[in-house]
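Data first, discussion second: the structure below is written as structure tokens.
What follows draws every value from the coordinates through simple rules; no lab data is involved. As the structure is a prediction and not an experimental result, all values here were calculated from the model. Cβ coordinates were reconstructed from backbone atoms using ideal geometry, including for glycine residues, and neighbour counts include every protein chain displayed.
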Amino acid sequence: MNHQLLHIFRNSSLGRETLLQSIYFSKQTKVSPVIYIPKSNKFLMYFENDVVQIDLDNSYLMFPDTALEHATELLEQAGVEPRFLDPKHYTASTLPDIHTNFDYMSCPRSIVDLSSKIGLGYIGPRVRRIVKSAQFPVLITSPVYKKWESIAVFFGGSVNAFNALKLGFRICRISGMPLDVFTLLENKSQESYEKLIKEENLETEMSHYVNNWHFLKNRTLEENLYDVPHNALVVLGAYGHHLLKDIVFGSKMEKIQSTISNNLLIVGPNYTAAI
Amino acid sequence: MRIFQSWRFPANWTIFRLDDRLLLILVAIIVGSCSGLASVVLNRSLMLMFDWFHHLRHYWWIFVLPAIGAALSSLFLEKIVKEGAGHGVPEVIYSVSRYGGLLRFRSSFSRLISSALTIGSGGSAGPEAPVVISGAAIGSNIAKYFSLNDRQRVTLVGCGAAGAISSIFNAPIAGMVFAIEVIIGEWKSVNIVPIAIASVAGTEISRILQGNQIPFSHRLFNISHMDILACVGLAVLTAVASILLTRLLRSMDKIAKKLPAPLWIRAAIGGCAVGLIGLFLPEVLGKGYHVVQTTIEGAFSQGLVIVGVATIAKIVATALTLGWGGSGGIFAPCLVIGCLAGLTYHHGLALLWPSVTWVNQGCFALLGMAGLISGMLQAPLTGIFLIVEITGGYEVILPLIIVSAITTSLCHYIEPAAYYMKELVDYGHLLRPGTDARVLSDLNVSELVEKDCIAVTQNMLLRDFINIVKKSHRNYFPVENEETGHFMGIIHLDDIRQYLFNPVMYDTVFLGQIMNTKVEVIDPDDDLADVIRKMDANRLFSMPVVVNNRFIGLISKGHLLDQYRRELMVQTSQSI
């Protein structure tokens, strides 16, 4: 199969870290990274029921003469064949269309605003739109290249959480890395979550792939997050159960993204996972 | 809480689930009304700006006003809403052709503001194209809200365009015809009914808020046979004016792009040049509808030379405004240029044949307007209905048809693509439903790949291969490297035919010796049109799809034809 990860290359030290992270993810999950080196400061992504304009900050257009060379060098050093995306269609002369038939997309926390807004607690509006509209999961990389050696799935019982769990199984199967599941016990009991898994016929997969299922009992989510390994790829659904679930990210998701600096693989509502 | 949740998912409302056509008609009313409202807002803004700046017109420095307006307009589009310059109609047609009418929400207001700045300050452009993209974007985003499918969304984009044109001209039929003829390009009842409803809604909004006024009222014309005969000459003149305007717009755009300056400076230069022309010929400034009204009433008293110069000046001013980065459309300039061209022609006729009693100059002005619209848009029906409706004069219908038809034909002969479509045609983006290009663009290589091929290796003996052939129903077999799995070539059954009846060869021939290594391969990202071109050029029936040196599958013409027919049926069916 030819699975692909879209990476928008930024020819800066920050961009290098992000690309290294994408390359590592691609190698572990056996997908081909496809690199887009932007030539204008905006492009469009046409999803099934939405069109998102990505307005890149100027750092994406820095040093265009060396961008290709730098990206190729990093890919070749990692033993990955360089593949670059050349837009074929343009909505306007300076507005290329980037197709959306990818299996993953890699983003820093913000691809629109100033590069200074890459710290914890902030995910840019365009990244949120992509997560909401895309039929693929979005890899939000940690600011500095960091290898992940295990997988941590946050499971809260929502539809997105099930998709995240299945994606976790899939990555575990392909990469062979250990998988842990984390569930925050709020008002529900441990048995109720186990029942949900049973109802979805995922018991076999749970026993086959999952190393440990952690039921977090501390009062606040922040306290519980200390248990998440620092070198784990965190897989989670973007939206939970709440009333505004298709407008704003879930509260757990917001807390997780603002507390831990791990690489995050976020599953949106339009993604359908297959194990 | 339940009420809020149901509000978030209007597509689930029982009323909308009764019937898809009913849903589309109800949503069309909303879209038509919203786009009609957008037109009224722009119209009112322009009137307000005209009032603000009118008392400044006698100052010598006023020529900088269009420059300031164009620069602000360009800055707004580039820095604030981050959209490209221009009127946006090609963007709407592109989105309808390629992406099921998906348009950005920001397009529903961006061009309204930018064109108000350009036209309100005196730039030679019209408000119609900006309201078309606004209406279309409103339709697209409402379709998104109701979670409608691509075909329904495209219809609503047409509804938005129709509502906008209907509202701004108080001309429902012209709005409807424009949306179908120019934007959607598909005359089907599934489109026509909602678009007609949206046109009515847009017109009603305009009538409620601005009154039921015909934009250019006129007196009755007594048209003789000589006048009808003279229309042929007028059609030639309007065709020449259309071609001149089209080419000047493009060359100005090219010249402006060569200037190493930011967009807003270029727009300011164009605006300044228009302002300077406007010092001597104020008729070229803004929408210029007062010129049209005066001419139709027969009160435009200037002679042949002045009118001829004004025609050319308006063409140049429009090219300077739009070509150098101002924001606005070509409808209004076309009406003014057509009107002046008609007047010039009338003066010319009166000079050459003073003894003949020609119809009033206003009639030729109307015909000139229809000619320019038809020539620029290459949409004769839009030209005819627009002029009939905005002048309320059905008696000119015969010469209108003649002028529109001849001008369209002449322009099509010289410039095969209309002004709005030129770039789309050049880049192969004009994909009308049911055409070969559109069907192919809606299919992609990945969905056509047949993966039930049996891969063989280069070190396999012919005997083993024959056993594999017995089990397979395919004629092509990819050859892969045993160790790396890399694609090395392909074997067709014809390649082994000569060995088949000679059993001695079964244990002596290796597949590596007979495989075809000079194979053209396809990437899953390739355009299907290019793939078919390759197949035709090389007389191939199948081609391998290879990624990263790995064989993915085969594309065959037989499977392609099956999918092609299926897609064609979807595109040409009457269902929504």
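Side notes on the structure shown:
- Candidate aspartates and glutamates for bridging to B:LYS314, where Cα separation is under 12 Å - those fewer than 8 sequence places away on the same chain excluded: B:GLU283
- Across peptide B:139-147, the average count of Cβ atoms from other chains found within 10 Å of a residue's Cβ is 1.
- What the Cβ-Cβ distance of B:THR357 and B:TRP60 gives, at R0 = 51 Å and to the nearest 0.05, is a FRET efficiency of 0.70.
- Cross-link partners of A:LYS195 among lysines (Cα-Cα below 29 Å; sequence separation of 8 or more within a chain): A:LYS132, A:LYS166, A:LYS217, A:LYS245, A:LYS252, A:LYS255
- Placing unit charges on each Cβ (+1 for Lys and Arg, -1 for Asp and Glu) gives the stretch B:17-121 a dipole about its Cα centre, and among B:SER121, B:HIS54, B:ILE93 the Cα reaching farthest toward its positive end belongs to B:ILE93.
- Ordered by the number of other Cβ atoms lying within 10 Å of each residue's own Cβ, fewest first, B:LYS79, A:LYS188 fall into the sequence B:LYS79, A:LYS188.
- In the protein assembly as shown, the DSSP-assigned H stretches of four residues or longer account for a calculated mean residue ellipticity at 222 nm of -16500 deg cm²/dmol, using -39500 (n - 2.57) per stretch and the full residue count as denominator.
- Working note: Karplus 6.51/-1.76/1.60 with θ = phi - 60° gives the stretch B:531-547 the couplings 4, 5, 4, 4, 4, 5, 4, 9, 6, 9, 9, 9, 9, x, 9, 10, 10 Hz, where Gly and Pro are set to x.
- Among B:GLY323, B:GLY288, B:VAL27 the positive-end extreme of the charge dipole of chain B (Cβ point charges): B:GLY288
- 15 Å cut-off, amide nitrogen to a point 7 angstrom out along B:ASN149 Cα→Cβ, residues in the stretch B:180-204: B:190-191
- About the Cα centre, charge dipole magnitude for the stretch B:479-576 (Lys/Arg +1, Asp/Glu -1 at Cβ), debye: 380 debye
- Across the stretch B:417-545, Cα pairs under 8 Å and at least six residues apart give a relative contact order of 26 percent.
- Kirkwood hydrodynamic radius of the stretch B:88-169, from the reciprocal of the average inverse Cα-Cα distance over all distinct pairs: 12.5 Å.
- Residues B:GLN498 and B:TYR413, FRET efficiency given R0 of 45 Å [Cβ-Cβ distance, rounded to 0.05]: 0.20
- Proxy reagent accessibility, fewest Cβ within 10 Å first, across A:TRP148, B:TRP324, B:TRP61, B:TRP264: B:TRP61, B:TRP264, A:TRP148, B:TRP324
- Helix B:462-471 vs. chain B, principal-axis angle (Cα, 0 to 90°, nearest 10): 60 degrees
- Fraction of C-alpha pairs exceeding 28 angstrom in chain A: 33 percent, rounded to a whole number.
- Low-density loop cleavage sites - chymotrypsin sites (Phe, Trp or Tyr not before Pro) in the stretch B:138-213, where at most 11 other Cβ are within 10 Å (DSSP): B:TRP187
- Principal-axis analysis of the Cα atoms of chain B puts helix B:361-377 at an angle of about 20° to the longest axis.
- Relative contact order (percent, whole number), chain B, Cα cutoff 8 Å, 6+ residue spacing: 16 percent
- Separation between Cα centres of the stretch A:165-244 and the stretch B:64-143, rounded to whole Å: 47 Å
- Residues A:GLU200, B:GLU186, arranged from fewest to most other Cβ atoms within 10 angstrom of their Cβ, appear as A:GLU200, B:GLU186.
- Sites B:ARG566 and A:THR94, calculated FRET efficiency, Cβ-Cβ separation with R0 41 Å, nearest 0.05: 0.65
- For chain A, the longest principal axis of the alpha carbon atoms and the long axis of helix A:190-199 meet at an angle near 70°.
- Sorting the segments A:170-183, B:307-320 by their mean number of nearby beta carbons within 10 angstrom, highest to lowest, gives B:307-320, A:170-183.
- Percentage relative contact order, chain A, counting C-alpha pairs under 8 Å, at least six apart: 20 percent
- Distance histogram in 10 Å bins (all Cα pairs of chain B, percent per bin): 4, 16, 22, 20, 14, 10, 7, 5, 2, 1, 0
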